[in-house]
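Q: A single structure is presented below for examination.
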Amino acid sequence: MDRTAPPSSPPAAWADEALAANGAAVRARISAAADRAGRAVDDLLLVAVTKTVPAERLVAAAALGLTTFGENRVQEARDKRERLAELAASDTEAARLVDTMRWELIGHLQTNKVARAFDLFERFQSVDTLHLAEALSARAVALGRTAPILLEVNVGGEASKSGFPPDETLVNAARAIAALPGLRPEGLMTVAPPVDNPEQARPFFQRMRILREALVAAVPLGANGGWHELSMGMTDDFEVAIEEGATILRVGRGLFGARPVNRSPM
Ligand SMILES: *Cc1c(COP(=O)(O)O)cnc(C)c1O
């Protein structure tokens, strides 16, 4: 390398080369899968999943054009938002980038944390009980807001996971939730069971699409929402999810690398 040559461009304050390379690779995988499925990339929302990822790297992700961030836990999201506010206060570029960020909750929410969650998240993807939906509804009404929500489905029927069972229980819950004020149901979300090969996740994603169609037929929402969104597909299986109709992809490791191992699930 010629060390005497001036850099071609000044180093950008929030550049993160590993993240940029990962982001390009994820985007290439998304567009290849969309092409195969005859779908438009513009119809897919990429949510950057940032559990365990420090605030500084979120700013770097925003610098790459990522706008939607998914967090699993209220406390972690709150700590990170405080740190982002500090970064924004001392750096105008960070302030501009932090301003572009939108936040979605993708992890289990206890009803006693609903009020705090409303301060942090614009959409709640992980509504997994009627009880939680009622608590969100009450808070939304108190704030004069309408909260976009997705219903989480435990599509693999796993004992370790929350979510509505993938059957008539979901349809009945959706009907009750659709009648609550202050909520705008927008679709379904799932975490497919762990599999060795992404192809093995395909039947679960197909099941999700069928469930969505069942809701469209059985639970009309009129102007207040729709069941359009299917949030499914993570780092290892999002191509298959795209082929089966996902509209929202939630990608963590594919963007930020492996997470620390010593962590309880979600
Ligand atoms: C961690 C997590 C993801 C992202 O998983 P990766 O395998 O890192 O892409 C997506 N959705 C939920 C609910 C998660 O907890």
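The values are calculated or read from the model by the stated rules, or taken from the named source; none is laboratory data. All figures in this text were calculated on a predicted structure; none of them were measured in a lab. For neighbour counting, all protein chains shown are included, and Cβ atoms are generated from backbone atoms with ideal geometry for every residue, glycine included. Just the protein is used for accessible areas: all its heavy atoms, side chains included, with ligands, DNA and RNA removed. Shrake-Rupley method; radii C 1.70, N 1.55, O 1.52, S 1.80 Å.
Q: Touching a residue at least 40 places away in the same chain (Cβ under 8 Å) and surrounded by 15 or more Cβ atoms within 10 Å (Cβ to Cβ), is that true of L151? Talk me through it step by step, then tell me what you get.
A: Working: touching a residue at least 40 places away in the same chain (Cβ under 8 Å): no; surrounded by 15 or more Cβ atoms within 10 Å (Cβ to Cβ): yes.
No, not satisfied.
Q: Being out of contact with any strand residue (DSSP E or B) (no Cβ under 7 Å at 6 or more places or on another chain) and either of a type in the set (D, E, K, R) or open to solvent by 30 Å² or more (accessible area, probe 1.4 Å) (or both) is the filter here; which residues of the range 46-55 pass it? Give the steps one after another, and end with the answer.
A: First, the residues of the range 46-55 that are out of contact with any strand residue (DSSP E or B) (no Cβ under 7 Å at 6 or more places or on another chain): 52-55.
Residues satisfying the conditions are T52, P54.
Q: Would you be able to tell me the number of residues in the range 23-45 that are touching a helix residue (DSSP H, G or I) at 6+ places or on another chain (Cβ under 7 Å) and either open to solvent by less than 50 Å² (accessible area, probe 1.4 Å) or without any contact (Cβ under 8 Å) to a residue 40 or more places away in the chain (or both)? Spell out the reasoning first.
A: We begin by selecting, within the range 23-45, every residue touching a helix residue (DSSP H, G or I) at 6+ places or on another chain (Cβ under 7 Å); these are 23, 26, 29-31, 33-34, 36-37, 39-41, 44.
Okay, now just the ones that are also either open to solvent by less than 50 Å² (accessible area, probe 1.4 Å) or without any contact (Cβ under 8 Å) to a residue 40 or more places away in the chain (or both), so 23, 26, 30-31, 33-34, 37, 40-41, 44.
Number satisfying all stated conditions: 10.
Q: Does T68 count as of a type in the set (S, T, N, Q), farther than 22 Å from E134 by Cα and within 16 Å of the ligand (Cβ to nearest atom)? Give the steps one after another, and end with the answer.
A: Numbers: of a type in the set (S, T, N, Q): yes; farther than 22 Å from E134 by Cα: yes; within 16 Å of the ligand (Cβ to nearest atom): yes.
So T68 passes the test.
Q: Can you tell me which residue is surrounded by the most Cβ atoms within 10 Å (Cβ to Cβ) among those in the range 205-220 that are under 24 Å from G70 (Cβ atoms) and out of contact with any helix residue (DSSP H, G or I) (no Cβ under 9 Å at 6 or more places or on another chain)?
A: Narrowing the range 205-220 to residues under 24 Å from G70 (Cβ atoms): 205-209, 211-212, 215.
Keeping just the survivors that are out of contact with any helix residue (DSSP H, G or I) (no Cβ under 9 Å at 6 or more places or on another chain) gives 206-207, 209, 212.
Working: Q206: 15, R207: 18, R209: 16, R212: 21.
So, considering only residues that are under 24 Å from G70 (Cβ atoms) and out of contact with any helix residue (DSSP H, G or I) (no Cβ under 9 Å at 6 or more places or on another chain), the one surrounded by the most Cβ atoms within 10 Å (Cβ to Cβ) is R212.
Q: From A258, A223, which residue is open to solvent by 20 Å² or more (accessible area, probe 1.4 Å), within 9 Å of the ligand (Cβ to nearest atom) and among the small types (G, A, S)? Lay out the reasoning, then the answer.
A: Details: A223 fails: within 9 Å of the ligand (Cβ to nearest atom).
Only one candidate passes the filter, namely A258.
Q: In addition: For residues that are closer than 29 Å to T190 by Cβ, without any contact (Cβ under 8 Å) to a residue 12 or more places away in the chain and of a type in the set (S, T, N, Q), tally how many sit in the range 46-98.
A: 1
Q: Residue check: is V240 modelled with pLDDT of 95 or more, within 15 Å of the ligand (Cβ to nearest atom) and over 24 Å from A77 (Cα atoms)? Lay out the reasoning, then the answer.
A: Values: modelled with pLDDT of 95 or more: yes; within 15 Å of the ligand (Cβ to nearest atom): yes; over 24 Å from A77 (Cα atoms): yes.
So V240 fits the description; yes.
Q: Tell me whether the range 100-111 contains one or more residues that are more than 15 Å from the ligand (Cβ to nearest atom), touching a Leu at 6+ places or on another chain (Cβ under 9 Å) and closer than 25 Å to P181 by Cα.
A: yes
Q: Might you let me know whether the range 248-260 holds any residue that is within 22 Å of A40 (Cα to Cα), within 21 Å of the chain's Cα centre (by Cα) and among the charged types (D, E, K, R)?
A: Yes; the residues of the range 248-260 include at least one that is within 22 Å of A40 (Cα to Cα), within 21 Å of the chain's Cα centre (by Cα) and among the charged types (D, E, K, R).
Here's the yes/no breakdown for (1) closer than 22 Å to F118 by Cα; (2) charged (D, E, K, R); (3) touching a residue at least 24 places away in the same chain (Cβ under 8 Å); (4) crowded, with 18+ Cβ neighbours inside 10 Å:
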site: G157; (1), (2), (3), (4): no, no, no, no
site: K161; (1), (2), (3), (4): no, yes, yes, yes
site: P166; (1), (2), (3), (4): no, no, yes, yes
site: T169; (1), (2), (3), (4): no, no, no, no
site: A174; (1), (2), (3), (4): yes, no, yes, yes
site: E186; (1), (2), (3), (4): yes, yes, yes, yes
site: V191; (1), (2), (3), (4): no, no, yes, yes
site: D196; (1), (2), (3), (4): no, yes, no, no
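Q: Name the residue that is most open to solvent (accessible area, probe 1.4 Å), counting only residues in the range 121-139 that are within 16 Å of the ligand (Cβ to nearest atom) and farther than 16 Å from F164 by Cβ.
A: Checking each candidate, the answer is R123.
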